[in-house]
Amino acid sequence: MNRLPLLFIALLASFAAAWLGLVFGLYRELGGVQPVSDPFTSELQPRPYTELELAGRDVYRAEGCIACHTQHVRGGRFNADIERGWGPRRSHPIDYIHDRPILMGRSRTGPDLVNIGAREARRSWHHLHLYDPRITSPGSNMPTYRYLYRKQRIGDEPDPDALMLAGEHAPPPGYEVVPTDRARALVAYLLGLDRTYPIPGTPRR
Amino acid sequence: MVTAPFNWRPHSRGRIADDGHGSAVGPQQAVDVEAARAARRRLVIDRSCRVPCLVLFCSAVVWLLAGTLLAMIASFKLHEPRFLADFAPLTFGRIRPAHLNVVAYGWAFNAALASLLWIKCRLAATPLRGGALVLAGAGLWNVGVLLGTLAILTGRGHSTAWLEFPVPAAAMLYGGFALVAIAAVLSLAARRVRRLYVSQWYLLGALLWFPWCFTVAFILLMPAPVGGVTESAIGGWYTRNLIGLWFSAVGVAIIYYLLPKLTGRPLYSHQLALLGFWALAVCYPWTGMRHLIAGPLPAWAITVSIAASVMLLIPLLAVTLNFHKTIRGRYRLVGPSPTLRFIVFAAVCYLLVGGQGVLLALRSVNEVFSLTHTIIGHAHLGMYGFFTMAMFGAMYYIIPRLTGREWASVGLIRIHFWCVGLGLALMVGVLTAGGIIQGLELNRAAAPLGHYIDEHGLSEGVGAFLSQLQVRGGAVDFLDVTRGTIPWLELRTLSGMMLLAGHIAFAVLVGLNVAGHSPPRPGPMLLSAAGRGRPLE
Ligand code: HEM
Ligand code: HEM
């Protein structure tokens, strides 16, 4: 093994084989996936994100929710993702065609969120939870995102999205805590996360 | 089977090789012209490497401290989520990728580049070419890491793990690496030794593979994003190759270089080294999709990755066997020699992390423990127990040769070793144990472990819990699982404090040495041939 050019070519070849096989192969195979049409509404699924949801995705990325949350339901025989109610079926490449960048995540310090909009559709719950997760979920170690909320003097009418805070969290009388635009966008994104539509011809697990 | 690589003369007396600890002065030797010439050549090489390598090593140490601080904050936040909660740049979701990138690209990469350059020059028996390129590259690289980290902390990071640095910062890393790599290749091309020792193969491979996968991943994720699940596939493929074909390759190359030197024994087997290397080069690049086992990827890609991961047993065992046979019978040298302590620790962790990794790649194990703290434990066993410890060892060996100065304090070296050794064992232990419970509760159990312990006491409770595991339970409330992980995470913070203490001791040692406050090396290498000491490298 003393010939430099030979060594170099061999190293190149071993890596190129896997690169072609794995990366290029996947690129070709996954590049062509198309939306499916929902059998009930005959809408195309997944639907594209709205402007607001895209802004919310960006907050999700910037605040690093992926550090603790994944966005995929696993198939396979040895896990309980489906039993936990995280989704009715295994996630499929089609579910991600509008995701740019992908927010897949690699840790489950928190639950999977790919179908959170189907599971928890109350906007007020999400705001309260983000403001301080321990209000809704005692013992949670999810960070508080109070910096996405704003305390303001109550105007002529209370803000419809004002948080219903009690006890230690309650703002002083005459004030209310309202979501900033970033928090509103984030929650709109979470509520829109729903990939429960069926994909014909694919197994559930 | 035993073949001696060039210039590794086995030492007939079997003494401790000088690893910069200062006490190994050999017996009187006849004046040996050849040895004197070799010693002078080494001195010239070390001089040529001095400034570039020291700049890289010192940046590495600064990043090590920064990364440890970030890690401490992140770790503390996982059990005290209200700590510093209202300051957005330090929110957990930003500080975790900041830690990851600072330790990977700041600490580990700088240290790897410096060791790579020095070893390459020593093995090629030629002074470093393009020192100025290295300096420019190091500058570019480190500014890139700084900018990238600030970008993450201000919410501008990319979302793919290990690739969070945004375009400008990543481009600077790219340029910086290219400059350093050019210098490395120039030095290799000017080699005066035809024979390519096994470390050279690994380092050459690393120099080729890293820019390749970085280019592919960077382009397809940032300037021209492919979108969709392909991004996740490419991100995972990049991470795998970065870990296995850059960090692991450099780590193994260093151990292959230092073990024979420090034990005074030739490498046990060249054939075994060949087998280990080519098995790695052929199998490893195929493992890229094992982070999404049972995930949204085509089945063939996942199956191929699992098969290739299991095949990694071949290089793992071949390399470990070679290490063990090389040092066998000389294990008593490990105590007195700081370098050898760290290197042997690293070699043991290499075996452990690989064994654990092969298990984690099996579907039945992966689906239960993937995405839990077990994986974080595995990551630290590899990136810390194996790679970081190998780097510590290399730095204890190389820095005195660059500065011509010994380490200032044996006590501090001891503190460093024991703090990080025990701290790491604690960290991996608690993350693995906590992660196993977490994984079982998430995927298998009908009720959390805590309930059984409350009912039956500790030992019987654990037994009852284990006997109740079903294939499909999944009934444990998520919040109960979360609460169960908190004590383990608290222990992780404790282990982090031990690591921090060790890192401070190490930083003081390096600082004193580089600043010239340490004693000069006893036997100046040139004088050795005149009988004052014998260069054992
Ligand atoms: C035979 C060798 C090895 C095998 C088969 C292996 C296997 C694995 C597997 C299956 C995972 C992913 C688990 C999951 O996410 O579900 C993983 C993750 C990881 N491993 Fe290893 N491992 C090996 C050696 C190493 C070594 C030597 C290092 C460090 C130098 C290392 C560092 C890591 C890290 C940092 C992660 C986290 C990955 C990420 O962030 O995506 N592993 N390993
Ligand atoms: C200098 C050596 C270190 C290296 C190379 C290192 C490496 C890593 C890596 C690769 C990850 C990412 C794991 C993954 O994404 O799968 C990580 C995460 C982490 N590390 Fe370190 N680490 C080091 C030191 C420390 C120290 C001293 C602590 C102290 C507590 C620490 C605490 C953490 C924490 C809290 C995380 C995030 C884990 C999570 O999200 O649950 N690390 N580290």
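Helical runs (DSSP H, four residues minimum) scored at -39500 (n - 2.57) apiece and divided by the length of chain B put the mean residue ellipticity at 222 nm at -22500 deg cm²/dmol. For segment B:289-356, the alpha-carbon coordinates run over 52, 19, 13 Å along the three principal axes, in decreasing order. Remark on chain B: Rg and Dmax equal 23.7, 78 Å (Cα only). For segment B:385-471, averaging the sequence separation of C-alpha pairs within contact (under 8 Å, six or more residues apart) and dividing by the residue count gives a relative contact order of 18 percent. Projected over every direction and averaged, the convex hull enclosing the alpha-carbon atoms of segment B:326-382 yields 4.8 nm². Averaged over the residues of A:51-63, the number of partner chain Cβ atoms lying within 10 Å of the residue Cβ comes to 2. Spherically averaged projected area of the convex hull of Cα atoms, segment B:34-195: 10.6 nm².
Across segment A:55-93, the residues whose backbone nitrogen lies under 13 Å from the label position 7 Å along the beta-carbon direction of A:THR196 are A:85-89.
Most tightly packed first, judged by the mean number of other beta-carbon atoms within 10 Å of their residues, the peptides B:41-52, B:186-197 read B:41-52, B:186-197. Accessible surface of chain B, 1.4 Å probe: 70 percent of it comes from carbon and sulfur atoms.
Inter-chain neighbour count for B:373-383: the average number of beta-carbon atoms from partner chains within 10 Å of each residue's beta-carbon is 1. Here B:CYS58 sits with roughly 40 square angstrom of accessible surface, probe radius 1.4 Å.
Under a 5 Å amide H cut-off, with hydrogens placed 1.01 Å from N, A:VAL36 pairs with A:GLN45 among residues at least 5 apart or on other chains.
Peptide B:283-291 has a mean shielding of 4, counted as Cβ atoms of other protein chains within 10 Å of each residue's Cβ. What segment B:211-349 shows is 25 Å² of accessible area per residue, with the surface traced by a 1.4 Å probe over protein heavy atoms. Length gained on full extension, B:GLU34 to B:LEU422: 135.3 nm, using 0.36 nm per residue less the C-alpha separation.
Helices from chain B with mean Kyte-Doolittle at least 1.6 and a Cα length along the axis of 20 Å or more, per DSSP H: which?
B:131-153, B:167-189, B:198-221, B:338-361
With contributions of -39500 (n - 2.57) from each DSSP H run of at least four residues, the per-residue ellipticity at 222 nm computed over chain A stands at -8500 deg cm²/dmol.
Cross-link partners for B:LYS120 among the lysines, with Cα-Cα distance under 16 Å and sequence neighbours closer than 8 places in the same chain left out: B:LYS261. In Å², rounded to the nearest 100, what is the total accessible surface buried by chains B and A against each other with a 1.4 Å probe? Approximately 7200 Å², summed over both chains.
Given a 1.4 angstrom probe, what's the average accessible area per residue across segment B:34-195, in square angstrom?
Accessible area per residue, segment B:34-195: 33 Å².
Each Lys and Arg Cβ is given +1 and each Asp and Glu Cβ -1; about its Cα centre, the protein assembly as shown then shows a dipole of about 3720 debye.
From the mean inverse distance of alpha carbon pairs (Kirkwood) and the Cα radius of gyration, derive Rg over Rh for segment A:36-191.
Ratio value, two decimals: 1.01.
At an R0 of 41 angstrom, the distance between the Cβ atoms of A:GLU43 and B:ALA178 translates into a FRET efficiency of 0.25. Reported value for the protein assembly as shown: 163 Å³ per residue, from the convex hull of its C-alpha atoms. Think of the protein assembly as shown as having a plus end and a minus end, set by charges on the Cβ of Lys, Arg, Asp and Glu; of B:TYR202, B:LEU479, A:GLY155, B:TYR202 sits farthest toward the positive end of this dipole. Since only B:LEU509, B:TRP118, B:GLY264 are under comparison, the one whose Cα sits farthest along the positive direction of the charge dipole of chain B, derived from C-beta charges on Lys, Arg, Asp and Glu, is B:GLY264. Restricting the calculation to Cα atoms, every distinct pair contributes to the Kirkwood radius of segment B:368-429, found to be 13.2 Å. Surface analysis of segment A:36-191 yields an accessible area of 43 Å² per residue, using protein heavy atoms and a 1.4 Å probe.
How much of the accessible area of chain A, probe 1.4 Å, is carbon plus sulfur, in whole percent?
The nonpolar share, carbon plus sulfur, comes to 57 percent.
The dipole here belongs to segment A:36-191: it is taken about the Cα centre, uses +1 on the Cβ of Lys and Arg and -1 on the Cβ of Asp and Glu, and is about 620 debye.
Residues whose amide H lies under 5 Å from that of A:ARG150, counting only those 5 or more places away or on a different chain, are A:VAL178, A:THR180; hydrogens are built 1.01 Å from N in the peptide plane.
The values are calculated or read from the model by the stated rules, or taken from the named source; none is laboratory data. Just so it is clear, the structure is predicted and the values come from calculations on it, not from any experiment. Please note: Cβ atoms are built from the backbone with ideal geometry, for glycine as well, and neighbour counts cover all protein chains shown. All accessible areas refer to the heavy atoms of the entire protein, side chains included, with ligands and DNA or RNA removed. Shrake-Rupley method; radii C 1.70, N 1.55, O 1.52, S 1.80 Å.
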